[in-house]
1. What number goes with the only condition from (1) touching a strand residue (DSSP E or B) at 6+ places or on another chain (Cβ under 9 Å); (2) free of Cβ contacts under 8 Å to residues at least 24 places away in the same chain that residue 322 does not pass?
2. Answer yes or no as to whether residue 111 is at positive phi, assigned by TED's automatic domain parsing to the domain that holds residue 83, touching a strand residue (DSSP E or B) at 6+ places or on another chain (Cβ under 6 Å) and small (Gly, Ala, Ser).
3. Go through region 141-210 and tell me which helices (runs of 4 or more DSSP H), entirely inside it, have 3 or more residues that are out of contact with any Phe, Trp or Tyr (no Cβ under 8 Å at 6 or more places or on another chain) and among the hydroxyl-bearing types (Ser, Thr, Tyr).
4. Could you tell me which of the residues 77, 134, 83, 118 is more than 16 Å from the ligand (Cβ to nearest atom) and within 18 Å of residue 56 (Cα to Cα)?
5. Can you pull out every residue in region 295-319 that is in a helix (DSSP H, G or I) and either within 12 Å of the ligand (Cβ to nearest atom) or within 17 Å of the chain's Cα centre (by Cα) (or both)?
6. Just to be sure I understand, how many residues within region 222-272 are under 24 Å from residue 161 (Cα atoms), among the hydrophobic types (A, V, I, L, M, F, W, C) and either without any contact (Cβ under 8 Å) to a residue 24 or more places away in the chain or buried (at least 16 other Cβ atoms within 10 Å of the Cβ) (or both)?
7. Spot the failing condition for residue 140; the list is (1) under 15 Å from the mean Cα position of the chain (by Cα); (2) more than 8 Å from the ligand (Cβ to nearest atom); (3) closer than 29 Å to residue 234 by Cβ, and only one is missed.
8. I need every pair where a residue in region 273-288 that is part of a strand (DSSP E or B) has its Cβ under 8 Å from the Cβ of a residue that is among the polar types (S, T, N, Q) and within 9 Å of the ligand (Cβ to nearest atom), sequence separation at least 6 or different chains.
Amino acid sequence: MVMDLKAPRGTKDILPPESHLWKEIERTVDEVGLLFGYEEIRTPMFEQVSLFKRSVGEETDIVSKEMYLFTDKGGEEMALRPELTASVVRAAIEHNLVTKQASSSRLYYNSAPMFRYERPQMGRQRQFHQFGIELLGSLSPLADLQVIEFALAVYQKLGFANFHLKLNTLGNQSSREKWREELVKYLRSNLDALSEDSKRRLETNPLRILDSKNPCDTTIIGGAPNIIDYLDEADASHFDEVKSLLTSAQISYSLEPHLVRGLDYYNRTVFELTSTDLGSQDALCGGGRYDTLIEKLGGPPTPAVGFAAGVERLVLVLMKLRSGEIPKSKSDVYIVIADKAGREVGISIASDLRKAGFSVIYDLLDRSVKAQMREAGKSGTRFVLLLGSDELAAAEITLKRMNTGAQERIPRGNLLGLLQNS
Ligand code: HAM
């Protein structure tokens, strides 16, 4: 019989050995979180739709086209979360995470599932996972630097260095509006030359035209007005400080005046890390400031900055970096139990060794000693213990060290000590 059920399009089962790589990434994010003094936050997988409409923005692709929506049995409009910043802000307001006493909050998330109904391709899925941080409460350019440093620390700890930091500022709402007006004027004056997609976007979401990779658009985009020329003094000096902090931290970057990001809540600094090891979906992570979002959602005025990174994309680049080799987990000990008579002793040895911290496996298929020995050899285990009838009768066990092939019979009582000193 052929099974006709499949994982939904745009989702992926994470199987061993790839799941080992996921664990390694998760451990690394936890470690970096600890090193930077961040604590983990977990929020629900679904939220009221209005949360994303009011934060990410109704006109964005994410909200207008890509959300998984449902009405629950109580009649409430819900969405599977397409991103986490909105949820973290909602939780921070709900639980007073930023108060006068605790004037800043350093939060991170790890391998958190997100949902966007996108056209699946390499590095782009409908269910994907993010790690990231949200740093609430600081207006200082030091916070912008820290967010970028955190992201870099994760990639560097994993041995990955082939990425590129793209940096821009979006100023504040009024400078952005002025710039947007000029941009739309400019694009309108070049309307005939724009791609069909961009013509449509000019009415709905003109800033997204700047992301277009269509050759028709790129020359026109090249001559478009830049936000930098519309910044007020405070925003310009914040950006100068961020740049000089990056330079003193020896973090290289390129200025990308057209980097606008696909979410509405940003102001001032925005950034992305990209990798040439990825195809067209080359953004490893992205983030920036959202100083007005907390107030907009009903909290006290609180500046904030953060980033989120795609785990699937990181897995793709790590697989490439390691030429597809993922270390398999190996047991410390494989117990070969010759027959039923040895079961009880075998099980109790396994249990004692596990309590002492050794990973132990034994055959569960009632196979012959020969078959068990063959599997033990293939498994990459460090020690094989043979429990045959002779050993059983003498309260002994045969210990084979797989690195040398040396074999010895020892009293069972000496086993743990021997293993611990090996
Ligand atoms: P974002 O740029 O929408 O930002 O997503 C961040 C990262 O998630 C992307 O750079 C990419 O690595 C990954 N990603 C996004 N969509 C997909 C997809 N369909 N499949 C696979 N990976 C994907 C945000 O989500 C903001 N919340 C980031 C942020 C946090 N800004 C401030 N704080």
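The values are calculated or read from the model by the stated rules, or taken from the named source; none is laboratory data. Source: prediction; values computed, not measured. Using ideal geometry, Cβ is built from the backbone for each residue, glycine included, and neighbour counts are taken over all protein chains shown.
1. Answer for residue 322: the failing condition is (1).
2. For residue 111, the condition - at positive phi, assigned by TED's automatic domain parsing to the domain that holds residue 83, touching a strand residue (DSSP E or B) at 6+ places or on another chain (Cβ under 6 Å) and small (Gly, Ala, Ser) - is met.
3. 173-189
4. On the way: 134 fails: more than 16 Å from the ligand (Cβ to nearest atom); 83 fails: more than 16 Å from the ligand (Cβ to nearest atom); 118 fails: more than 16 Å from the ligand (Cβ to nearest atom).
Matching residue, one of 77, 134, 83, 118: 77.
5. If we filter region 295-319 for residues that are in a helix (DSSP H, G or I), which is where we start, we get 295-296, 311-319.
If the condition is that a residue be in a helix (DSSP H, G or I) and either within 12 Å of the ligand (Cβ to nearest atom) or within 17 Å of the chain's Cα centre (by Cα) (or both), then 311, 312, 313, 314, 315, 316, 317, 318, 319 are the ones that fit.
6. Here the count works out to 6.
7. The one condition residue 140 does not meet is (1).
8. So the pair list comes out as 283/274; 284/274.
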